[in-house]
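The values are calculated or read from the model by the stated rules, or taken from the named source; none is laboratory data. What you see is a predicted model; the values in this text were computed from it and never measured. A quick note on method: Cβ atoms are made from the backbone with ideal geometry, for glycine too, and the neighbour counts reach across all protein chains shown.
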Amino acid sequence: MFKKIVKKIKAFFRKLNEFLKTPYIKYKRDKEYKKRLAELKKRDPFIYK
Amino acid sequence: MATKEKILLIAGCSHSAGSEIDGKEDSAANRKNSFGGLIAKDLKRRPINVSHVGATNSGIARQVINWFEKEYNPATMNVNVLVSWTEATRLEVPSERQRDYRTASTHTDWYDESADHYFKVIIGWDGGDEEELRNTPLLHKFMVEQQPYLETYSYNLILQIQYFLQSKKVDYMMCNTMPFFLDNLNAIKNIIPLVDENKYYQLNNKDEAFFHKYRELGYKNPKAKYWHHGKEPHQLYADELLAFNKVNKCLKK
């Protein structure tokens with residue numbers, strides 16, 4: 001019984017941790033994407049309308 | 001028996017069209033002074049430069065296949081082909097409507113109309129019409145995150161054209177105006193040995209691709225609005241390709 005409660009509490013904190021980190025992860029991914037996009041634009045600077 | 005006309009078919013993007021040599025996006029003088037035009041002159045072949053401004057690698061492959069399908073007559077023509085591959089991340093997506101890219105390639109010697117069934121996605125352009133604006137952000141994300149897929153796809157196009165030309169017993173040479181980067185991927189490592197390196201100038205050498213090489217060497221074209229090279233880099237690159245041809249005899253006089 002006690003083990004089960006501890007397991008549930010651990011799972012709760014793991015989910016809470018993930019939830020709190022989500023904006024940071026999104027921010028990191030977005031930053032990485034923008035950096036990569038800028039690199040590709042520099043590599044292929046041509047614009048065709 | 002009448003002698004066959006000697007032709008050099010030149011396929012590629014704006015770089016092989018000689019874009020902006022004289023400051024114009026496309027002109028007869030640009031195509032004449034492009035590295036392909038200079039090679040044709042040296043080989044005493046009539047240039048048929050079908051390069052499109054803004055072409056993708058799939059578009060370049062179609063330029064070759066469709067020209068042979070619609071124009072080639074082996075009874076009257078002796079054709080050699082120069083294929084210049086471009087930036088691998090450029091995409092062509094089947095379009096919901098008929099387009100007209102001829103307006104960007106006004107001086108092409110032959111226009112591959114199949115291009116008008118697609119819209120182009122170039123990393124530096126967010127789109128103009130509704131269809132482009134709707135699709136481009138997602139496709140830009142794909143281009144950024146799936147470069148390995150796109151480079152592998154370009155290598156498959158190279159093989160497609162290599163085997164196509166071999167099947168027709170047509171002499172050819174390939175090169176890169178824009179480099180490929182991911183030669184350390186196992187997927188690509190498995191493809192590269194299938195490409196005939198005696199007919200591909202600087203295969204797998206990203207530092208030797210036309211645009212980047214001469215940009216790194218400091219060449220700047222004051223007439224260009226979009227960074228395309230001027231007359232001198234085209235002449236120098238033509239000399240490089242002709243020196244390679246002297247050794248490997250890809251194209252014939």
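Here are the numbers for the structure shown:
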item: Residue identified as over 28 Å from B:ALA209 (Cβ atoms), aromatic (Phe, Trp, Tyr) and more than 14 Å from chain A (Cβ to nearest Cβ) among B:TYR72, B:TYR111; result: B:TYR72
item: Count of the range B:23-60 residues which are assigned to a helix (DSSP H, G or I) and over 14 Å from the mean Cα position of the chain (by Cα); result: 11
item: Tally, over the range B:1-13, of residues that are touching a Ser or Thr at 6+ places or on another chain (Cβ under 7 Å) and surrounded by 24 or more Cβ atoms within 10 Å (Cβ to Cβ); result: 4
item: Positions within the range A:11-49 being closer than 25 Å to B:HIS229 by Cβ and either more than 14 Å from chain B (Cβ to nearest Cβ) or of a type in the set (Ser, Thr, Tyr) (or both), in sequence order; result: A:TYR48
item: Complete set of residues in the range B:39-58 that are under 13 Å from B:TYR111 (Cα atoms), more than 14 Å from chain A (Cβ to nearest Cβ) and aliphatic (A, V, I, L, M); result: B:ILE48, B:VAL50
item: The range B:115-129 residues that are more than 10 Å from every other protein chain (Cβ to nearest Cβ), paired with ones that are among the small types (Gly, Ala, Ser) and outside any strand (DSSP E or B) (beta carbon under 7 Å, 6 or more apart); result: B:ALA115/B:GLY59; B:HIS117/B:SER95; B:TYR118/B:SER95; B:PHE119/B:SER95
item: Hey, B:SER34 touching a residue at least 60 places away in the same chain (Cβ under 8 Å), of a type in the set (Ser, Thr, Tyr) and either farther than 29 Å from B:LYS220 by Cα or buried (at least 17 other Cβ atoms within 10 Å of the Cβ) (or both) or not; result: yes
item: Odd one out for B:ALA61 among (1) crowded, with 23+ Cβ neighbours inside 10 Å; (2) closer than 17 Å to B:CYS175 by Cα; result: (1)
item: Test: residue in the range B:62-77 that is charged (D, E, K, R), at pLDDT 95 or above and closer than 30 Å to B:PRO148 by Cα; result: yes
item: Lone qualifier among B:ALA104, B:ALA61 - being of a type in the set (Gly, Ala, Ser), away from every other protein chain (no Cβ under 14 Å) and closer than 21 Å to B:HIS15 by Cα; result: B:ALA61
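Conditions tested, residue by residue: (1) modelled with pLDDT under 90; (2) basic (Lys, Arg); (3) out of contact with any Ser or Thr (no Cβ under 9 Å at 6 or more places or on another chain); (4) surrounded by fewer than 10 Cβ atoms within 10 Å (Cβ to Cβ).
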| position | (1), (2), (3), (4) |
| --- | --- |
| A:LYS7 | no, yes, yes, no |
| A:ALA11 | no, no, yes, no |
| A:ARG14 | no, yes, yes, no |
| A:LYS31 | no, yes, yes, no |
| A:ARG36 | no, yes, yes, no |
| A:GLU39 | no, no, yes, no |
| A:ARG43 | yes, yes, no, no |
